[in-house]
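Beneath this line is the structure, given in structure tokens, with notes to follow.
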Amino acid sequence: MARLALDGGPRAIPEPLPGSPGGGPGVSLIGREEIDAVTDVLQTGQLFRFNPNSRVRAFERMAADWIGVRHAHMVNSGTSALICALEALGIGPGDEVIIPGYTYIATAAAVVASGAVPVIAEIDDSLGLDPDDVHRKVTPHTRAVVPVHMQGVPARLDAILEVARRHSLLVIEDCCQCIGGRYRGRVVGTLGDAGAWSLNYFKIITCGEGGLVFTDDERVYERACFAADPALPMWMRDTIPTDGWLSPPFSAQCYRPSEMLGAIACAQLGRLDHILAHMRGLKGAFLRALEEPKCYCRQLVDDPAGDCGISAAIIVRDVLLARRFAEALTAEGLPCGTAHNDGFPDRHIYRYWDSILTRNAHHAFASPWRHPAYKGAVEYAPDMCPRTLDILGRALRFGFVMGMEERHAELMASAINKVDAALAQ
Ligand SMILES: Cc1ncc(COP(=O)(O)O)c(C=O)c1O
């Protein structure tokens with residue numbers, strides 16, 4: 001049995017991994033194509049998205065083709081894409097929307113912005129929404145569910161869609177962390193009623209800040225466009241005729257992106273297949289090198305072929321062992337910690353969504369919880385989803401980055417094998 005680095009043995013990963021401090025670049029997403037694309041936009045002097053040679057429109061068309069949907073509308077963030085999807089589908093005051101307790105706070109914030117009440121449900125060993133808890137959380141006020149595909153791993157859509165069908169719920173897929181993920185062969189975001197991408201700096205492809213709302217339904221698309229720009233009927237002659245709206249225009253927010261964002265997004269979309277192939281290669285190498293676990297189970301992935309490959313997770317048998325596991329892995333050269341620990345108020349865990357748990361709105365009369373149309377009785381408490389906190393308290397997550405080669409992924413697995421074998425004793 002190899003001696004743990006924690007006990008003075010040699011490290012399983014002798015050199016810092018790419019993307020970690022001292023380990024070289026994790027990912028270089030911005031290159032010549034992006035620089036040239038932005039320069040071209042600046043040289044034309046036309047930065048406004050509604051123009052005959054629009055880069056934003058080009059991105060929307062490219063993205064819709066790539067995804068395999070009829071319609072896509074670019075906005076300035078993933079949060080705004082989610083808000084547009086919710087509003088387009090008619091979600092608003094009086095409605096409850098079920099979301100997982102493990103997602104970025106923006107998922108909950110988007111529901112609140114639409115005027116609806118977020119209902120927080122448990123996750124399971126997939127680290128995504130637990131379909132059984134969705135079923136338990138349905139009330140007469142539930143209108144929709146938002147499965148979130150976290151860290152490149154699609155949620156358990158078969159079971160979630162089945163629950164949604166049983167209760168006639170709308171499904172908005174939060175694909176902000178899962179651009180290009182697939183489920184049973186279809187790109188995520190196309191299995192529900194609408195999907196949302198984030199193109200912020202930390203995402204699989206990025207234009208700094210940006211988002212995309214997409215759907216097959218023309219009426220939903222049109223309403224998402226209204227939700228994104230109150231002046232849209234004036235601008236959007238290239239896509240929708242001003243005299244032919246399927247539903248009456250309404251005014252909401254303005255989430256219009258600039259042409260520079262569109263230009264960068266086009267260049268980035270051109271890289272997506274390469275990024276996904278590289279990431280999937282890394283995760284494949286990692287999984288192949290992982291030995292049969294003794295102290296942990298692997299994250300449940302319904303359809304491994306559709307996983308984007310940007311992360312992997314293991315769920316250790318108990319919390320104390322998980323902490324010891326993380327400590328030992330860090331000493332081996334694979335820095336990590338449990339996803340939920342008392343030291344870090346991670347806004348991806350519902351427990352730290354203070355503005356939601358305290359039902360705080362920007363204005364008392366704009367509060368979804370106090371709206372006269374809301375007849376439900378949602379309750380929030382920091383410990384309301386004990387299973388979520390338990391799983392995240394035992395989950396260790398590992399990220400793969402473009403700067404890695406398969407040998408790095410194999411080293412990561414070998415560190416896990418080593419620690420697992422030692423802690424099993
Ligand atoms: C799961 C999830 N949903 C929504 C968002 C919101 O995206 P944005 O930051 O672009 O508004 C994010 C961004 O981090 C996210 O990770």
With every protein chain left in place, what is the accessible area per residue of the stretch 1-136 in square angstrom, probe 1.4 Å? 39
Show me the three semi-axes of the equivalent ellipsoid for the stretch 48-122, from the C-alpha gyration tensor (sqrt of 5 times each eigenvalue), largest first, rounded to whole Å. 28, 13, 11
Which trypsin sites (Lys or Arg not before Pro) from the stretch 280-321 combine a DSSP loop assignment with at most 16 other Cβ atoms within 10 Å? K294, R317
R182 accessible area, nearest 10 Å², 1.4 Å probe? 90
Please enumerate, by chain and number, the lysines with C-alpha under 23 Å from the C-alpha of K203, excluding those fewer than 8 residues away in the same chain. K283
Separation between Cα centres of the stretch 178-202 and the stretch 87-155, rounded to whole Å: 16
Expressed in nm to one decimal, what extension gain is obtained for the pair R70 and R184 from 0.36 nm per residue of sequence separation less their Cα-Cα distance? 39.1 nm
Protein accessible area in the stretch 177-240, 1.4 Å probe - carbon and sulfur %: 49
Of all beta bridges DSSP finds with both residues in the chain, what is the antiparallel percent, to the nearest 5? 60
Potential lengthening between M234 and A277 on full extension [0.36 nm per residue; Cα-Cα distance subtracted]: 11.4 nm
Solvent-accessible heavy-atom area per residue, rounded to whole Å², over the stretch 325-409 at 1.4 Å: 49
Roughly what would the spin-label model give for T44 and D318, points 7 Å off Cα along C-beta, in nm? 6.3
Simple spin-label model, 7 Å along Cα-to-Cβ: F344 to I30 in nm? 2.5
Tabulate in residue order the Karplus-calculated ³J(HN,Hα) for the stretch 323-339, using 6.51 cos²θ - 1.76 cosθ + 1.60 with θ = phi - 60°, rounded to whole Hz; enter x for Gly and Pro. 5, 5, 4, 5, 4, 5, 5, 4, 5, 6, x, 10, x, 6, x, 5, 4
Expected sort for 107-115, 89-97 on mean C-beta neighbours within 10 Å, highest first, is 107-115, 89-97
May I ask for the longest run of the chain untouched by chymotrypsin sites (Phe, Trp or Tyr not before Pro) that are loop-located per DSSP and have at most 13 neighbouring C-beta atoms (other than their own) within 10 Å? 251-425
Here FRET efficiency (C-beta to C-beta, A421 to E15, R₀ 30 Å, nearest 0.05) is 0.85
Using modelled backbone amide H atoms (1.01 Å from N, in-plane), which distant-in-sequence or interchain residues come within less than 5 Å of Y183's amide H? V188
Determine which residues of the stretch 272-292 fall in the zone a paramagnetic label at E405 would reach in this model, i.e. backbone nitrogen under 20 Å from the point 7 Å along Cα→Cβ. 274-290
Using Cα positions and a limit of under 18 Å, work out the lysines in reach of K418, with same-chain residues fewer than 8 apart set aside. K294
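The values are calculated or read from the model by the stated rules, or taken from the named source; none is laboratory data. Everything quoted here is computed from the prediction, not taken from an experiment. Cβ: placed from backbone, ideal geometry, glycine included. Neighbour counts: every protein chain shown. We work out accessible area using only protein heavy atoms, side chains counted, and drop any ligands, DNA or RNA first. Shrake-Rupley method; radii C 1.70, N 1.55, O 1.52, S 1.80 Å.
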